[in-house]
1. Restricting to the stretch D:39-58, count the residues that are within 12 Å of residue D:322 (Cβ to Cβ) and in contact with a Ser or Thr (Cβ under 8 Å, 6 or more places away or on another chain).
2. Identify, from the list A:21, A:80, A:92, the residue that is in contact with a Ser or Thr (Cβ under 8 Å, 6 or more places away or on another chain) and polar (S, T, N, Q).
3. Looking at the stretch D:231-242, is at least one residue crowded, with 24+ Cβ neighbours inside 10 Å, facing another protein chain (nearest Cβ under 10 Å) and over 30 Å from residue C:230 (Cα atoms)?
4. Please specify each residue of the stretch D:3-20 satisfying the condition of being within 8 Å of chain A (Cβ to nearest Cβ) and not in a loop (DSSP other than H, G, I, E, B).
5. Given (1) at pLDDT 95 or above; (2) not in a helix (DSSP H, G or I), where does residue C:255 come up short, assuming only one miss?
6. Looking at the stretch D:231-247, can you tell me whether even one residue there is part of a helix (DSSP H, G or I), over 20 Å from the mean Cα position of the chain (by Cα) and free of Cβ contacts under 8 Å to residues at least 12 places away in the same chain?
4 protein chains.
Amino acid sequence: MADKKELLSQTIEHIDITRHNPAPLVEAMRNMAFSARDLARAADIYDRMLRDQECGIILCLAGSLVSAGLKKVFVDMVRNQMVDAIVSTGANIVDQDFFEGLGFRHYMATERLKAGLDDDTLRELHVDRIYDTLIDEDELRLCDDTTKIIADGLAPRPYSSREFIREMGAYLAEHGKTRDSVVLAAYEADVPIFCPAFSDCSAGFGLVAHQHERGDRPKVSLDSAKDFYELTQLKIANPTTGIFMLGGGVPKNFTQDIVVAAEILGEDAPMHKYAVQVTVADVRDGALSSSTLKEASSWGKVDTVYEQMVFSEATLAVPLIVGYAYHKGAWKNRTAKRWTRVLEPATQAV
Amino acid sequence: MADKKELLSQTIEHIDITRHNPAPLVEAMRNMAFSARDLARAADIYDRMLRDQECGIILCLAGSLVSAGLKKVFVDMVRNQMVDAIVSTGANIVDQDFFEGLGFRHYMATERLKAGLDDDTLRELHVDRIYDTLIDEDELRLCDDTTKIIADGLAPRPYSSREFIREMGAYLAEHGKTRDSVVLAAYEADVPIFCPAFSDCSAGFGLVAHQHERGDRPKVSLDSAKDFYELTQLKIANPTTGIFMLGGGVPKNFTQDIVVAAEILGEDAPMHKYAVQVTVADVRDGALSSSTLKEASSWGKVDTVYEQMVFSEATLAVPLIVGYAYHKGAWKNRTAKRWTRVLEPATQAV
Amino acid sequence: MADKKELLSQTIEHIDITRHNPAPLVEAMRNMAFSARDLARAADIYDRMLRDQECGIILCLAGSLVSAGLKKVFVDMVRNQMVDAIVSTGANIVDQDFFEGLGFRHYMATERLKAGLDDDTLRELHVDRIYDTLIDEDELRLCDDTTKIIADGLAPRPYSSREFIREMGAYLAEHGKTRDSVVLAAYEADVPIFCPAFSDCSAGFGLVAHQHERGDRPKVSLDSAKDFYELTQLKIANPTTGIFMLGGGVPKNFTQDIVVAAEILGEDAPMHKYAVQVTVADVRDGALSSSTLKEASSWGKVDTVYEQMVFSEATLAVPLIVGYAYHKGAWKNRTAKRWTRVLEPATQAV
Amino acid sequence: MADKKELLSQTIEHIDITRHNPAPLVEAMRNMAFSARDLARAADIYDRMLRDQECGIILCLAGSLVSAGLKKVFVDMVRNQMVDAIVSTGANIVDQDFFEGLGFRHYMATERLKAGLDDDTLRELHVDRIYDTLIDEDELRLCDDTTKIIADGLAPRPYSSREFIREMGAYLAEHGKTRDSVVLAAYEADVPIFCPAFSDCSAGFGLVAHQHERGDRPKVSLDSAKDFYELTQLKIANPTTGIFMLGGGVPKNFTQDIVVAAEILGEDAPMHKYAVQVTVADVRDGALSSSTLKEASSWGKVDTVYEQMVFSEATLAVPLIVGYAYHKGAWKNRTAKRWTRVLEPATQAV
C-alpha cells in the first residue's frame, strides 16, 4: 500500500463547459432513441427555462457531484445567471465545495482502492473514500472546524441553512483560496443555497461542537422549517419555476414540496412549469429519488408538459446538458433573479 | 376513469411477521449464491445484534416503506425490544405512519395508474400516487393540520425532530385511531425517532403554517443540529451499536456520522459494530445511498467484520430478515435500552 | 491467498422448496406494494398456469441460476409436472447442471474474491469465478470433453440442441453421479430442453473439438433453426401456453418469438396466455432482457391479462414463487405434457 | 389513438460521429470521477486497440442499438478499418440493419406509447414497439421473407451465421436501398459478422419457413458450432485481440470464450489484450451480461491491464467513445485485417 502522500497525488480536475460546445452533438441525439433522445429533450427544456424570462430556476444537487469534477459547471451556472437558487445535500456544499474553497482538493483513487478491500488501511491513514475519489480526512476536520468558527461568530438564534451558507460565502470572500467555489459565486451573485438536512454534513460537526461548547448558554440553531418557509416565499414571489435536479433525495422532495407549502400559506402557486431530473435510480423501489415527474404531478407539484427524466450518471449527462444550454447562449439575455435580495427582508419578517 | 371512492377502495394491508416463520427458508439460503446468501448473512448479523446485550440497535428508514405494507414489521420491532432508535425520512414517520395513526389508510393503485398516464386526473381528484399506491390528498392535509395543532401547543423554542415526534406520539396516545403505529409504539416504549430532514414532510407543512401565523412572535423551530447532538449522545452513552438500514439517503448518512461527531466531542466512540443495508441503489453513481459499508469504513464509521449489503427491494427482504430474527427469539432475552430516558436529561442540559 | 483445495471447500447447496412452505407469506404480500405485491401476483399467475389443464408451461432460464443454488427447484418442477419445456442459456444446462450431474460441485467464494482483485491468482490456480461462486476449471474441461465424447458417438447430421441435450440425459442416466440433475430429470420425464445459442457454453467447446477432429469428414452440426422449428411445433400442437422467465436474453426472445413463427408457418397460434418474468434488468436501456411484457404484446407475443414482471434477483424470488405453487398443489392434478414425445415424430418429419 | 401512418411519421435518425468531435470533451473527463472518468479511459483503450497494429478488433453488439440511432456509427467503424469482426444479436443485424438496408425505417414513439398502455392497439395496427421506438410489422415480415428467399437460393448444407450474413450482404449489394448498412459495409470490407443465436431473429423466421417447405428434402441449416469454430480460427490466426462490447448477452460470452476454444484446439492463444464494455447491467444478479472483466480474467479470457467497464446506456457513451477514437485518427494508419479472407479457406477446410 502506498503512503498517504502517494495516495493523494492525482487531483480531480473540474470540467469547464465553457470550453467545449456539445450543442451540435446533443442536437444530433434528438432523433435517436433511449437516453440520447431523453438527454436532448432535457437540454431543450433547460434551454426553455433560460429563455422564459419569468422562470426562476432551482438547481437540486444530490450525490457526490462537486467532488466528482462538476464544481465548475455549477460555478459557471451561477456566474452566468443560469440558476436562481440551489437546493443541495450538505455534502456537496460544505464537505466538497466549501472544503475546496478553503484550498483543499479531491483525489483520484485507483481501481484497487475502489474495490473496497483496502478501506481499513485508508482509515488508518486518515484517507476517506467516495467510490473512486479520495479525501484527506485531516483536511476535512479543518473544514468542520471552520464551520464551528463561523457558528461561534454568529448571534445565537435559529438560522435557516441558507443564512448560514451565506455566512460561509462571506467567509470565503475574505479567506478563500480559490475563486472557483459554488458557495462563493452564489454569495457574490445573490443566489441562495439551501441544505434542508444541513446537520447531515461537515457543518453538522461544527454545529454540534458549537452547541456542546455553549451548553446552557444561548446558541446558534439550524431551523429546517425556516428553510422550507424561505424557499416557499421565493415560489410565491416568483410563481413560474423550473427545477433542474441531479439525483433525488431530500433536495428533490423539498423543492417539489414548496408548491404545496405555498398553497398551505393561502397562495395559489402554480406547479413547477419545467422539470428535468438526471438519475440512475430505478423506479421499481417506489422511493422518492426514483419516482417519475409524472408521479409528482399527481401531487400537484410538477406540470407534465415540460418534464424529462434522463437515465444517466451525472458526470456524463451534466456536461452535455449544461454545455448545450451554455453554448446556445440564452443566458446572455436573461436577468438574474438575485433571490437572496427577495429573502433578506422576508426573512426578517418571519 | 373511476371516481375517487372507487380508486381508493383496496387498502394496503401490513404484513405480520409474527405469523410467518421464514427462518428455515432463510437458513436454506445461507449456502446459495447472490442475494439469497447475502440476505441470510444479513439476517444472521441482525440476530447477532439482538444477542449482543451491549448493542444498541438503530433502524434507518428511507423510501416509502410504511405505506408499502411494512408498518407492522416496525411496530413489532419496537414492541419486542428489537430496536432502540429509529432514524427516518419524514415521509415514513409523518405522512405515512402518523397519518395512518389518525385513522387514514393507503390504497392499491392499478397497473394503469402506475404507468403514470392518468396522473393529471389523479391530481384533479386530490389523489396522490406513490408508484403503485394511492393516498387521499384531503386526508393528508388533515395530517398536515394536525402537526400544526401540535406545534401551536408547544412552548416556542428550538426542538429536535425527536422531541416533536414524541409529542406526536403523545397526541396519538390520546387521539389515535389505531394501536398499530410506529410513532405510538415508540412513544410507549421510549424508543426515540429522529427525522434529520424533518421539514421535508407533512410536518414541514404544519410548521411552515405555524411559523407563518406567528409572524414576529416567538415560535417553534426545528433544530436539526440538536438532532445530531442527541443521536451522538446516545452513541457516547452506549458505544456498541448496530445499524439496520432500509434504503440510504439522509438517515444512512446521519446515523453513520455520529461516530465522527462523538470523536469531535472528544469521546472515543467505536465504529458501528454491526451494519446491514437493504437497497437496490447502484454503486456506480458514487452517491451515499449506494455506497458500500466498506467505503464507510474508510471514514471510520462502520466496522467491516459484521457488515452486509442486500440487493433487494425492501418489501421482499424485510419480512424475511426481520421474520428470521423474530422467530429465532433473541429479543426475548434482550433488555430494552429505553433511550428516550437517556435523552430527556441530556436534552435539558443542552 | 489460500491454495486451491482451501478455496474450493464450501459447496453451494441447492434449496429444497418441497421442505419450506412460503404460501402464507406470499399471500400476505398480495396486499402490500412494490415487489412484494408483484411477486405475489406472479406466484398466482404461475399457479393459474398449473391449474389450466390446457396450458403448456415453458420455463426460460438466463443468468447463473443452477450454480447459484436453484438446481433442485428446477428438478422438482420437472419431476412434479410443473413444467413442460425448458429454454435456457447453455451455461445453466451444460456448464452447471450437466457438470454437477457428472459429480462436480460449485463452491462459495469469499467477499475478498468477489471484489475481483485476486482474479489473476484464480486464473493461475485454474479456478473460475461467477460473482461469489467458484468452479474448478479442470473439472469444467472434463465436462467439455464429455460433450465431445457424446458428439463423437452420434451420427453425423444437423441436430437441434434439444436432440443433443437429450443425448446428454441418456449419458447421465448411465454415467451420472447424482439423481438431482435437470438434464437427467427432463430426460426421464420427456421434458424437452432447448439452448438456442448452444455453442455458447461448455458443449460448444466439445463440438468445436469434434468438428476440428473430423476435418472434411461428415460431422455433427448444431442447427439452431431446427430448435426454433421444434419449439414452434410445440406451440402449434398445444396452443395455450404460459412462460415463466428467469432473466431475459436469448431464452426470453426465442420463446416469445414462437408465436410469430407459428403464424409464419400458416398456423393461427394465440399469444402466450400467461407470462411471468423475474429480472432486475432496467427497462431504460431499451434492450430485450428488460423489455416489459406489455411491450411484447405489441409484437403479438404475450397477452396482457395474466402477465407480471417481478423486480428481484432470482435466488430470492424463485424459492417464494415456485414454493408457493408447489405447496398450493395444483401440480397433483396436472397431467404432464411429455412434449418430447410430440417432437420425436415431428423431428423425423423435418 | 392516431392511425398507423401518423404513428409512423417521425423517423429515427442515425448519429454521424464524423461530424462531431468530442475528443476535447472526453479528454476533460479523464480527471473527473465515476462514469466520466471510466468513459475517458475506455475511449483511450479503444484508441490503443487502433494504434496496436497487431490487434484484431471485435465489436460485440447486444441490445437494440441499430434501431436506436447508432447504425451509422457502426458503418463508419467498418468503413474506416476501426473494426475487424462483429459479433451481434440477430436483432441488430437482421431485424434492424438488414431491415433498413431493404429501405425500411424505425420511428420515434410518443411518451404515451412508451408507457405501455396502448400496446394492444399497436398490435392491432401491426406496429411493434421497442421501448420508445416503433416498427411497421408488415415491413418486418417482408424482411423475414427476404431471408427465406436467400435461404432458398443457397445449396443445402450447414452454414455458419457468418456465411449466411455474407449472403445477405451480397443481396443488399444488388437490391439494397441505402448505402448506410452495417451488413453491406461489412460485406464490402470483408468484415465478418457472427450472430451466434442466429435463429433468434427475423432470419429465424425465414429459416423456419425454408425448412418447413423443404420437409424431408435437403435444406439449409444453421450450424452454431461452426460460428464458434470460425471465430476461434480468427483468434488463432491473429492472437492479439481487443473486444469492444456494447451490452452483454451471447455476443459477450461467445467472444470471450474463443480464447478457451483456441486452447482446446491445442493452440496457445493469449487472453483478449484489450476489453471495453458499455453496460448498465448490475453486477449483483451474478449474470454474465453484468459480470466484470476482472471476473472474465479468472476464466483466462480477458487480460486485466487494459480493461474498462462503462456504466452508461449505449446511445450516450458510444458517440463519445467512438467519436473520440475517430477524431484521434489512429484508423488512418491502420491496415484492415479483412478477416473474411482468412475465413473463406478455413471454412472450406472444415
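The values are calculated or read from the model by the stated rules, or taken from the named source; none is laboratory data. Worth saying up front: this structure is predicted, and the values here are computed from it rather than measured. As a convention, Cβ positions derive from the backbone with ideal geometry for all residues, glycine included, and neighbour counts pool all protein chains shown.
1. Number satisfying all stated conditions: 2.
2. On the way: A:21 fails: in contact with a Ser or Thr (Cβ under 8 Å, 6 or more places away or on another chain); A:80 fails: in contact with a Ser or Thr (Cβ under 8 Å, 6 or more places away or on another chain).
Of the residues listed, the single one that is in contact with a Ser or Thr (Cβ under 8 Å, 6 or more places away or on another chain) and polar (S, T, N, Q) is A:92.
3. Checked against the condition, which is being crowded, with 24+ Cβ neighbours inside 10 Å, facing another protein chain (nearest Cβ under 10 Å) and over 30 Å from residue C:230 (Cα atoms), the stretch D:231-242 yields at least one hit.
4. Going through the stretch D:3-20, the residues within 8 Å of chain A (Cβ to nearest Cβ) turn out to be D:10-16, D:19-20.
Result: D:11, D:19.
5. Status for residue C:255: all satisfied but (2).
6. Taking the stretch D:231-247 as the starting set, the residues that turn out to be part of a helix (DSSP H, G or I) are D:231-237.
When the remaining residues are screened for being over 20 Å from the mean Cα position of the chain (by Cα), the result is D:236-237.
After this cut, where a residue has to be free of Cβ contacts under 8 Å to residues at least 12 places away in the same chain as well, the list is none.
No, because not a single residue in the stretch D:231-247 is part of a helix (DSSP H, G or I), over 20 Å from the mean Cα position of the chain (by Cα) and free of Cβ contacts under 8 Å to residues at least 12 places away in the same chain.
Okay, residues lined up against (1) crowded, with 21+ Cβ neighbours inside 10 Å; (2) facing another protein chain (nearest Cβ under 8 Å); (3) in a helix (DSSP H, G or I); (4) at pLDDT 95 or above:
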| site | (1), (2), (3), (4) |
| --- | --- |
| B:268 | no, no, no, no |
| B:274 | yes, no, no, yes |
| B:278 | yes, no, no, yes |
| B:288 | yes, yes, no, no |
| B:297 | yes, yes, yes, no |
| B:318 | yes, no, yes, yes |
| B:322 | yes, no, yes, yes |
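For (1) touching a strand residue (DSSP E or B) at 6+ places or on another chain (Cβ under 7 Å); (2) more than 9 Å from chain B (Cβ to nearest Cβ), each residue gets a yes or a no:
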{"site": "A:159", "(1), (2)": "yes, yes"}
{"site": "A:171", "(1), (2)": "no, yes"}
{"site": "A:178", "(1), (2)": "no, yes"}
{"site": "A:197", "(1), (2)": "no, no"}
{"site": "A:206", "(1), (2)": "no, no"}
